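What follows is a short report on a single structure.
The values are calculated or read from the model by the stated rules, or taken from the named source; none is laboratory data. Note that the coordinates shown come from a computational prediction; the quantities given were computed from them, not determined experimentally. Methodologically, a virtual Cβ is constructed for each residue, glycine included, from the backbone with ideal geometry; neighbour enumeration extends over all protein chains shown.
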Amino acid sequence: MAQSIAVSDLVVRYPSSGGKYTEAVSSLSFEVREGEIVGFLGPNGAGKSSTLKALMGFVPASSGQCEIYGHAAGSVAARRVTGYLPEVAMYYPYLSPLETMTFYGELQGLRGAALKKEAQSILELVGLSKWMKTPNRKLSKGMLQRVGIAQALLGRPKLLILDEVTSGLDPVGRQELRELLRSRQRQGVTLFFSSHELSEVENLCDRILIIDKGRLIDERALAPLQEELRQFAVVYLGEVELGDIARSVSFRGESRLASFDTRPKLLEAVDRIHSASGKVVDLIAREGSLETYFIETLRRAA
């Protein structure tokens, strides 16, 4: 499978006082395969935005390299296939969304009726059909975020790089965005985005990358991670031997709580309880928390 993004030993430094520098990204390496949706996670100041800006060529790499579909980051060839949404998107307040799209489309070399048709189509797609001629200064934060998403989609890019993509969107807007991004993935588009909304990451991503202090500290495929994080337990009465299959067994008054790593072990425990004339009081099966995993990963890396 082709690589949409290849980052190798990336270092990004910013000048500071006294001739010193601040290192925002430190020897970072990762790949994003074509057609994936990858979440780029980390606490504030971890280096996420600096990495995305380096991928777009907005900040120079102090060392290392970034490539987009084999082209150097920031090159004309790389930008032609990339749609980008910055963390804070600023648009001319007296232009309308349609005028904004026309302006950005012309910067990409798009022209005439084809540009107008595509701009209108994308604005309708992101839910701005009623406001496409309203000045940006009269739009809410969520609507302006939709303008930014529409602008990133302009020109049918093969890769979307989105910084805090759900910022300002209400729950309805987030659901609509998920559906839109999934539809783009089905068309072969690759998505690489940062977000502090871990529920959105769980709903969208194939894979996650976690960085802290500019370094990659974890990389996981999301489906097996979610399976690993699922929690199974049974509350029961009776003397039943479960220690060989349970992760832990603890007392809850007269009852006991046994937890398990997998559903089959839970079901085996239920069979044993019934066979030993015990009583099942409660069964517990719930999704694990990506937020908890994220925090624990950061703590282990500290």
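Below, the figures for the structure above:
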{"item": "Matching residues in the stretch 247-302 - criterion: being in contact with a Phe, Trp or Tyr (Cβ under 8 Å, 6 or more places away or on another chain), part of a loop (DSSP other than H, G, I, E, B) and among the charged types (D, E, K, R)", "result": "R247, D261"}
{"item": "Complete set of residues in the stretch 244-275 that are in contact with an Asp or Glu (Cβ under 7 Å, 6 or more places away or on another chain) and either modelled with pLDDT of 90 or more or within 30 Å of K213 (Cβ to Cβ) (or both)", "result": "I245"}
{"item": "Selection within the stretch 160-193 - out of contact with any helix residue (DSSP H, G or I) (no Cβ under 9 Å at 6 or more places or on another chain) and of a type in the set (A, V, I, L, M)", "result": "V172"}
{"item": "In the stretch 235-245, residue nearest to L225 (Cα to Cα) [restricted to those that are buried (at least 18 other Cβ atoms within 10 Å of the Cβ) and free of Cβ contacts under 8 Å to residues at least 40 places away in the same chain]", "result": "L242"}
{"item": "Selected residue (only one of G188, G168 is surrounded by fewer than 19 Cβ atoms within 10 Å (Cβ to Cβ), assigned by TED's automatic domain parsing to the domain that holds G74, touching a residue at least 60 places away in the same chain (Cβ under 8 Å) and not in a helix (DSSP H, G or I))", "result": "G188"}
{"item": "Failed item, numbered, when Y14 is tested on (1) in contact with a Cys (Cβ under 9 Å, 6 or more places away or on another chain); (2) of a type outside the set (D, E); (3) over 28 Å from R220 (Cα atoms)", "result": "(1)"}
{"item": "Residues located in the stretch 101-135, provided they are more than 26 Å from the chain's Cα centre (by Cα) and β-branched (V, I, T)", "result": "T102, T134"}
{"item": "Pairs where the first residue, in the stretch 88-99, is more than 18 Å from E124 (Cβ to Cβ) and the second is assigned to a loop (DSSP other than H, G, I, E, B), C-beta under 6 Å, 6+ apart", "result": "Y94/P135"}
{"item": "Some residue of the stretch 193-208 being closer than 30 Å to V25 by Cα, in a helix (DSSP H, G or I) and among the acidic types (D, E)", "result": "yes"}
{"item": "Condition met for E202 (surrounded by 17 or more Cβ atoms within 10 Å (Cβ to Cβ) and under 30 Å from M143 (Cβ atoms))", "result": "yes"}
{"item": "Lone qualifier among S248, S275, S259 - being touching a residue at least 24 places away in the same chain (Cβ under 8 Å) and either polar (S, T, N, Q) or not assigned by TED's automatic domain parsing to the domain that holds V32 (or both)", "result": "S259"}
{"item": "Leading residue by the ranking (nearest to G64 (Cα to Cα)) among those in the stretch 5-48 that are of a type in the set (F, W, Y) and surrounded by 14 or more Cβ atoms within 10 Å (Cβ to Cβ)", "result": "F30"}
{"item": "Check on Y14, farther than 27 Å from E296 by Cβ, in contact with a helix residue (DSSP H, G or I) (Cβ under 9 Å, 6 or more places away or on another chain) and at pLDDT below 95", "result": "yes"}
{"item": "Filter result for P97 (in contact with a helix residue (DSSP H, G or I) (Cβ under 8 Å, 6 or more places away or on another chain), modelled with pLDDT of 90 or more and exposed (fewer than 13 other Cβ atoms within 10 Å of the Cβ))", "result": "no"}
